[in-house]
Structures are given as C-alpha cells and as structure tokens.
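K.L.:
Got a structure here, written out as structure tokens. Questions coming.
The values are calculated or read from the model by the stated rules, or taken from the named source; none is laboratory data. Please read these numbers as outputs of a predicted model, since none were measured by experiment. Positions of Cβ are backbone-derived with ideal geometry, glycine not excepted, and every protein chain shown enters the neighbour counts. We work out accessible area using only protein heavy atoms, side chains counted, and drop any ligands, DNA or RNA first. Shrake-Rupley method; radii C 1.70, N 1.55, O 1.52, S 1.80 Å.
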Amino acid sequence: MSRQVDVPFLDLKAQYVPIKAEIAGAIDRVLQSQQFILGEEVKAFEDEIAAYCGTRHAVGCASGSDAILLSLMALGVGPGDEVICPAYTFFATAGSIARLGAVPVFADIDPVTYNVDPQEVRAVAGRCRTLKAIMPVHLYGQAADLEALLGIGRELNVPIVEDAAQAIGGRDAGGVGVGSRGTLGCFSFFPTKNLGGYGDGGLVTTNDRLLAERIASLRVHGETSRYHHQLVGLNSHLDALQAAVLRVKLGHLEGWHEARIRNADLYDEVFRAAGAATSASPLATGGLPLRTPSRPKPPARHIYNQYVIRVGAQIRDELREHLGKKGVATAIYYPLPLHRQVCFADLGIGEGELPHSEAAARETLALPIYPELAPEQLRHVADTVVEFVERHAPVSRTSSG
Ligand SMILES: *Cc1c(COP(=O)(O)O)cnc(C)c1O
C-alpha cells in the first residue's frame with residue numbers, strides 16, 4: 001500500500017519556520033520599547049498597509065469584526081437603519097450590523113462567483129426605507145462586482161463599505177486593489193487570513209480623512225483630546241506586537257499570494273483534465289459533476305484565501321468524509337446561510353427565498369490551498385477528489401472534447 005499523504009487544511013507552523021528569526025527581531029523591538037497599545041509600530045504598519053492597498057488612510061483596530069463595526073459607527077449607522085449585505089458570508093458581516101441595532105438586509109449571491117449579485121442588491125434596495133450602506137464581501141479572496149455596486153451606491157446616495165476581510169491584495173475587474181474604491185474597506189488579520197497575525201487584529205482603509213479621524217477616535221472610546229469625548233466609541237486597538245508581526249509578514253505576502261495562485265492553477269488543471277466544469281460553464285452537463293472556482297480575467301486577481309469547489313449536494317458530505325479518511329482536511333464555508341440562522345429568524349426570510357445562497361451552502365467544499373503545500377500533497381488531494389466524484393457520478397463520455 002502506498003504511503004498515506006497527510007494534508008492539513010492549513011499549516012501555520014510551516015509558514016512560521018522560515019520567518020522565525022525575523023519575527024523574533026520584530027517582537028523584541030516591541031518588548032524593548034514596552035509600548036504595547038497603538039504607538040509607532042502600529043502607525044508604521046498602518047502607513048505600509050495604506051500604501052499596499054492604495055488608500056490615503058488606514059486605521060488599525062482589534063479585529064475584522066470591529067473594523068466593520070467602527071466603519072458603520074463612523075457612518076452614523078444606528079438602530080433601525082438598513083444595511084444590505086450578502087446572505088452567504090462569514091457571520092461577522094451581518095453580526096456587526098445587528099450589534100448596532102441596525103437591520104441586515106440580505107441579498108442573494110451570484111452562483112458563479114459566490115459574491116453578492118448587484119441585480120439582487122438593486123432589487124432589495126427598492127424595498128428598503130432606511131438604507132444607510134451597502135456592504136459587499138470579497139468572498140474567498142475574489143473581488144465582488146465593485147463597478148456595478150459603486151454605480152448603485154451613487155444612484156441611491158449610500159456608501160459602499162467593503163468587507164475585504166478575506167481578500168487583502170485581491171484586485172477587481174479593473175485591476176484595482178480591494179478596499180480602495182468603496183467609502184471604507186474592512187480587513188481582518190485573523191490567523192487564517194492571507195495576512196494573519198498571531199492573534200486578533202483588523203484595520204479600516206479609506207480615502208476620506210474625516211472618516212479616518214472619526215474611526216481613530218472611535219477606537220479609543222471616542223476620545224478627541226485626552227479624556228474628552230465627542231462620541232461614544234469602544235476600546236478596539238491593534239496591539240503593537242501584532243503590528244510588528246504583521247509588518248514582517250506583509251513583506252512576504254505577495255510571494256504567499258503567488259504560491260496560492262499556483263496551487264489553484266494545479267488543482268484547476270487536474271480537475272479540468274478529468275472533465276470538471278469550469279466557472280465559465282456553470283451548467284455544463286456531460287462532464288465530471290464538479291465545478292472549479294470561478295477564475296477572474298486579469299487584471300483582476302483572486303488571492304485564494306479559500307479554494308472552493310462545488311459538487312452535488314447528495315455527495316458533498318460523503319466526499320468530505322472520504323477525503324478525511326485519506327488524510328485530507330477540508331472545510332465548509334458556510335453550511336447555513338445567514339438568513340437561516342436562528343438569531344435572524346425574526347427577519348422572517350423563509351427557506352427558498354435566497355436560493356443561490358442556500359444551494360452554495362449545500363454544495364461547496366473548501367480544499368487546502370495554503371502556500372506551503374507540496375506538489376505531492378496537491379496531487380493527492382486532487383486525485384482523491386476526482387476518483388471519488390467519478391465513482392459516485394460517472395463521467396459521461398458523450399460530450400465532445
Ligand atoms: C474573518 C472575517 C471577518 C471578521 O474578522 P475577525 O478578525 O475574525 O473579526 C468578517 N468578514 C469576513 C467575510 C471574514 O471572513
């Protein structure tokens with residue numbers, strides 16, 4: 001029997017080993033300074049991220065969830081206000097809206113990119129009475145259709161707040177970095193993101209100086225000068241230790257993005273050779289009933305925080321179990337769309353009302369994609385997937401090609 005190839009979903013130790021000395025130096029610098037909250041290290045990181053994202057300002061905070069919360073607070077979103085967001089995303093997108101007493105208004109997604117569908121946004125906006133913002137999510141590292149969404153925002157005179165938590169370094173159809181075209185861009189440095197800290201961290205980008213100042217004040221309880229408060233804010237700092245770690249990792253980020261893209265290319269190639277449908281043919285029949293992630297055309301750039309395939313709902317969970325037995329860890333992002341969460345039951349959105357979000361929740365599976373994966377690991381994952389899908393839903397050879 002051949003040797004089992006183990007493939008964890010993510011291997012942060014493999015990323016740490018080659019940068020260990022650099023990280024130790026950065027941490028020691030902070031320890032020598034004994035300045036742990038905000039300060040110069042955080043300021044330097046904010047400047048570097050603003051340059052990386054192509055915005056005038058960047059304001060660090062305690063998490064990606066707080067980045068969203070602070071952004072909405074800075075825009076004056078409060079009780080009863082409506083904010084449109086996709087139904088298929090990480091909970092924090094809608095949770096941060098609800099924490100302000102505002103109402104998340106769920107829009108359905110595009111079934112190919114899994115990003116919010118601008119047509120759906122327009123449709124739900126037409127039913128809103130107190131719409132204050134539209135919050136697209138650049139899901140899995142692929143930019144949402146910002147051009148269309150910015151147009152809708154201008155038409156309705158509401159700001160676009162980009163939830164770019166999964167997509168730092170991603171570029172939209174015009175080749176522009178995510179988090180720079182909307183009024184505000186929200187980033188997370190949770191350890192599993194492409195730029196992950198050694199704990200929680202987040203940041204807001206903007207070109208609007210007044211909003212940047214307001215967020216910088218809101219993150220220190222709304223303080224304007226020492227012990228004087230014009231607004232009620234919260235305690236949400238980016239730690240100097242996290243900033244120091246993130247500054248080191250930012251220097252490696254492009255290389256890590258490229259490695260993820262190379263890994264995605266390899267998966268795509270194996271799946272396509274086996275007859276999988278590509279994103280361009282979402283309803284293709286006659287091939288392998290597996291769909292690879294959608295692949296935006298350059299200058300757009302997908303940074304593959306996740307590589308998510310799609311299979312029939314009847315076999316998704318079995319495929320996951322089978323991969324687990326073969327040593328391959330996978331994940332489901334996300335098994336229950338937000339409009340079906342118990343905490344949002346009072347919004348009264350029934351099963352079937354947002355069908356593309358519901359289908360994605362049943363049919364998608366995220367495969368390991370982290371930069372340090374070895375070619376033999378990638379092969380093992382891809383071959384195991386193909387072999388299982390072929391066995392459970394044989395490839396029809398009637399199609400051409
Ligand atoms: C990770 C994530 C967040 C929240 O970030 P935290 O740093 O974990 O608070 C928000 N939105 C999306 C889409 C995310 O993936």
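K.L.:
For a Förster distance of 30 Å, can you work out the FRET efficiency between the beta-carbons of GLU321 and GLU269, rounded to the nearest 0.05?
P.N.:
Between GLU321 and GLU269 the formula returns 0.70.
K.L.:
Go ahead and estimate [θ] at 222 nm for the chain from helices alone: -39,500 (n - 2.57) per DSSP H run with n ≥ 4, summed, over the residue count, rounded to 500.
P.N.:
Taking each H run of at least 4 residues, the total per residue is -12000 deg cm²/dmol.
K.L.:
Using the Cβ atoms and a cut-off under 14 Å, what net charge is assigned to the surroundings of ASP239, where Lys and Arg are +1 and Asp and Glu are -1?
P.N.:
Local net charge: -1.
K.L.:
Here is a follow-up. Tell me, what ³J(HN,Hα) does each residue in the stretch 319-326 have, in order and in whole Hz, if you take phi through Karplus 6.51 cos²θ - 1.76 cosθ + 1.60 with θ = phi - 60° and put x for Gly and Pro?
P.N.:
Going residue by residue, I get 4, 4, 5, 4, 4, x, 5, 8 Hz, with x marking Gly and Pro.
K.L.:
Another question, then. In whole Å, what are the extents of the chain along the principal axes defined by its C-alpha atoms, from largest to smallest?
P.N.:
72, 55, 37
K.L.:
Give me the log10 of I(q) over I(0) for the stretch 287-401 at q = 0.16, 0.20, 0.22 Å⁻¹, as the Debye formula computes it from C-alpha points; what are the numbers?
P.N.:
At q = 0.16, 0.20, 0.22 Å⁻¹ the computed log10 ratios are -0.89, -1.17, -1.27.
K.L.:
Moving to a separate point now. With an 8 Å cut-off on Cα pairs and a minimum separation of 6 or more residues, tell me the relative contact order of the stretch 117-205 in percent.
P.N.:
23
K.L.:
Can you run the Rg to Rh ratio on the stretch 122-254? Use alpha carbon positions and the Kirkwood inverse-distance Rh.
P.N.:
Here Rg/Rh amounts to 1.01.
K.L.:
HN-Hα J couplings of the stretch 90-96 from phi, Karplus 6.51/-1.76/1.60, θ = phi - 60°, integer Hz, Gly and Pro as x?
P.N.:
Karplus-based 3J(HN,Hα) across the stretch 90-96 equals 5, 3, 4, 3, 7, x, 5 Hz.
K.L.:
Ok, one more. For the chain, please report how many Lys pairs fall under 29 Å Cα to Cα, leaving out neighbours fewer than 8 apart on the same chain.
P.N.:
The result is 16.
K.L.:
Using Cα springs under 10 Å in a Gaussian network model of the chain, which residue among PRO18, PRO368, PRO298 shows the largest mean-square fluctuation?
P.N.:
PRO18
K.L.:
Separation between the LYS13 and ALA359 pseudo-spin-labels, each 7 Å from Cα along Cα→Cβ, expressed in nm?
P.N.:
It is 4.2 nm.
K.L.:
Local charge sum around LEU70 (other residues, Cβ-Cβ under 11 Å, Lys/Arg +1, Asp/Glu -1)?
P.N.:
Within the 11 Å Cβ shell, the charges total +1.
K.L.:
For the stretch 24-50 and the stretch 167-217, what is the separation of their Cα centres, given in Å?
P.N.:
Cα centroid to Cα centroid, the span is 18 Å.
K.L.:
Considering only protein heavy atoms and a probe of 1.4 Å, how much of the accessible area of the stretch 62-215 is carbon and sulfur, as a whole percent?
P.N.:
52
K.L.:
Right, next: Go through the stretch 310-318 residue by residue and turn each phi into a ³J(HN,Hα) via Karplus (6.51, -1.76, 1.60, θ = phi - 60°); whole Hz please, and just put x for glycine and proline.
P.N.:
Once rounded to whole Hz, the list reads 10, 9, x, 4, 5, 10, 4, 5, 5.
K.L.:
Mind checking the per residue accessible area of the chain for me, 1.4 Å probe, whole number of Å²?
P.N.:
43
K.L.:
Carbon and sulfur atoms: what percent of the 1.4 Å accessible area of the stretch 247-380 do they account for?
P.N.:
Ligands and nucleic acids excluded, carbon and sulfur give 54 percent.
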